[in-house]
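Before any comments, here is the structure.
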Amino acid sequence: MKKLHLSLIATIAALLLVSTAWGLMMSYATQDTVPDGTVVDGVPIGGLQIDQSIEQLEEAWTAFEATELTITANLTKDKQQTWSLGELGFRVNREPILQAVQSLREGSLLKRARYRFTFPREHRMKLAWNTKQFEARIRHQWGWLDQSKTADATRRITAEDKILYYNHREAYRIDMPVLSEHVRSWTAELWQQLSTDSSDSDPAADRTASLKLPIRIVQPELTLQKLKAQGVERKIAWHTTDYSASPVGRAFNVEATARTLQDWVLAPGEVFDYDKVIASAQAQYGFREAPVILNGELVPGIGGGICQVSSTLYQAALLAGLEIVERRNHSLPVSYMPLGQDATFSEGVINFRFRNTTGKHLVIRTETKNRKLTIKLFGTLPSNITYRISSNTVKTIDPPTREVPSAKALPGRTVRLTEGKPGYIVETYRTMVRDGKEVSRERISRDTYKATPHTIGVAGDGISENETTIAPPAEMLLEDGIGLAP
């Protein structure tokens with residue numbers, strides 16, 4: 001009986017214990033507050049009603065997103081603008097903690113009690129950043145900067161041979177990567193400070209900041225410094241020839257080629273190619289009919305006169321001390337240049353080329369005035385150095401005789417139809433003068449000019465075997481033009 005009584009007491013005690021425990025668990029699990037000691041990003045919400053804690057967090061987050069950031073620009077207009085972080089695309093990622101707090105109300109009593117018991121006391125939210133929204137705000141304010149364009153520095157050579165330089169124009173671009181990094185760094189630091197500050201200070205205090213708008217300067221391809229470094233310092237050589245006796249077509253060809261050559265620029269070491277000038281002049285202006293040289297004789301053709309330009313340029317190149325890469329004299333003497341100082345051209349056969357050996361850039365300028373052609377070279381040449389060009393005739397070639405049938409000749413007799421002209425062998429030298437003294441002398445060419453034969457008319461259809469004759473050339477050589485007249 002005594003044992004039964006003790007068992008009953010134990011059972012009742014156990015039921016009371018279980019009932020008490022259940023009651024305590026129910027009371028614990030059904031609390032509508034945030035567990036004590038809970039802090040979210042520096043905001044203590046432990047012990048607060050769940051709805052109250054959410055309201056308090058929203059207030060803190062909204063205050064953070066309302067933090068103002070001023071961006072200033074060193075410009076003549078739109079110097080500064082202030083936005084809130086929210087306007088710049090920043091947003092506190094609320095969802096994880098809101099879901100976590102709301103889950104304190106969800107599930108079975110056992111699940112809720114376990115969840116409340118294990119609920120973390122420290123919570124750190126992450127910031128989300130819509131960078132596209134941020135960039136859109138910035139470009140809306142200062143996007144006009146990205147529309148600015150660069151302009152190269154320019155050089156102008158006046159009619160008086162003065163060299164004038166004009167500055168380049170820079171463009172400006174918003175350095176968005178740098179600005180983004182500055183804003184990101186400042187915002188992250190501010191967020192870190194707020195997340196670790198659990199004081200009761202005003203959450204809106206000391207939250208403003210000012211950042212400078214980083215502007216990247218864009219240089220043009222050719223700055224004033226680069227242009228001046230090309231070394232076009234002064235006129236270093238020039239030469240003038242006369243074409244006043246030229247017919248209209250020839251004068252046109254000279255002037256068209258000179259216009260094409262105007263402001264032609266050669267880089268250091270670059271080889272000038274006259275063939276390119278002729279091709280460009282032909283494409284731009286076309287050439288007109290004028291006498292050309294065909295196999296040593298003047299005949300109607302297209303482009304006559306183009307060799308006066310190459311010869312004038314050749315003389316200027318010699319006077320500048322430049323290296324001549326390719327050059328040939330005319331087959332006949334020309335009236336506008338001394339013997340040994342001309343440069344002919346035959347498309348696909350004879351070219352005129354020289355190398356810019358000054359070590360700096362070279363600019364070719366042309367002028368056609370009063371039927372005179374002047375070609376000038378501008379670049380770098382020591383002022384104490386000049387060059388002299390001299391030519392010597394080392395041999396005169398007597399003209400041969402050519403006999404042709406002629407009705408003017410009586411039987412057994414001859415008649416002189418045309419007078420021949422002698423030919424020449426000429427050597428040309430270039431002398432360097434430094435400080436008024438000759439320091440070197442070089443032979444630059446040895447040229448042969450063909451003699452023009454006397455033409456003798458004979459009676460009958462044959463040619464006397466006792467007379468000197470000239471065989472017709474095997475191939476045609478066209479000079480000082482690009483073709484024969486149609």
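The values are calculated or read from the model by the stated rules, or taken from the named source; none is laboratory data. Being a predicted model, the structure only gives us computed values, none of them experimental. With ideal geometry, Cβ positions are generated from the backbone for all residues, glycine too; neighbour counts draw on all protein chains shown.
Summary table
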quantity	calculated
Selection within region 43-58 - assigned to a loop (DSSP other than H, G, I, E, B) and buried (at least 18 other Cβ atoms within 10 Å of the Cβ)	I45, L48
Qualifying residue in region 166-177 (condition: exposed (fewer than 14 other Cβ atoms within 10 Å of the Cβ) and either under 30 Å from Q49 (Cβ atoms) or more than 29 Å from the chain's Cα centre (by Cα) (or both))	no
Search result, residues across region 206-248 that are among the polar types (S, T, N, Q) and assigned to a loop (DSSP other than H, G, I, E, B)	T208, Q219, T223, Q230, S244, S246
Identity of the residue in region 307-336, touching a Lys or Arg at 6+ places or on another chain (Cβ under 9 Å) and of a type in the set (S, T, N, Q), that ends up surrounded by the most Cβ atoms within 10 Å (Cβ to Cβ)	Q308
Some residue of region 108-127 being over 30 Å from L48 (Cα atoms) and modelled with pLDDT of 85 or more	no
Wholly enclosed strands (runs of 3 or more DSSP E) of region 59-166 bearing at least 2 residues of a type in the set (S, T, N, Q)	68-72, 80-84
S280, sole failed condition from (1) among the small types (G, A, S); (2) more than 22 Å from I444 (Cβ to Cβ); (3) surrounded by fewer than 22 Cβ atoms within 10 Å (Cβ to Cβ); (4) in contact with an Asp or Glu (Cβ under 7 Å, 6 or more places away or on another chain)	(4)
Residue check, R402 touching a residue at least 12 places away in the same chain (Cβ under 8 Å) and either assigned to a loop (DSSP other than H, G, I, E, B) or surrounded by 16 or more Cβ atoms within 10 Å (Cβ to Cβ) (or both)	yes
Test: residue in region 415-438 that is acidic (D, E), exposed (fewer than 11 other Cβ atoms within 10 Å of the Cβ), modelled with pLDDT of 95 or more and farther than 26 Å from L298 by Cβ	yes
Residue that is nearest to L318 (Cα to Cα), among those in region 253-277 that are surrounded by 15 or more Cβ atoms within 10 Å (Cβ to Cβ) and either outside the structural domain of E347 (by TED's automatic domain parsing) or without any contact (Cβ under 8 Å) to a residue 40 or more places away in the chain (or both)	V277
Breaking point among (1) modelled with pLDDT of 90 or more; (2) of a type in the set (D, E, K, R); (3) within 30 Å of V92 (Cα to Cα); (4) touching a strand residue (DSSP E or B) at 6+ places or on another chain (Cβ under 9 Å), for R207	(1)
The one condition in (1) at pLDDT below 95; (2) surrounded by 14 or more Cβ atoms within 10 Å (Cβ to Cβ); (3) assigned to a loop (DSSP other than H, G, I, E, B) that D200 fails to fulfil	(2)
Search result, residues across region 391-424 that are closer than 30 Å to G340 by Cβ and among the hydrophobic types (A, V, I, L, M, F, W, C)	V394, I397
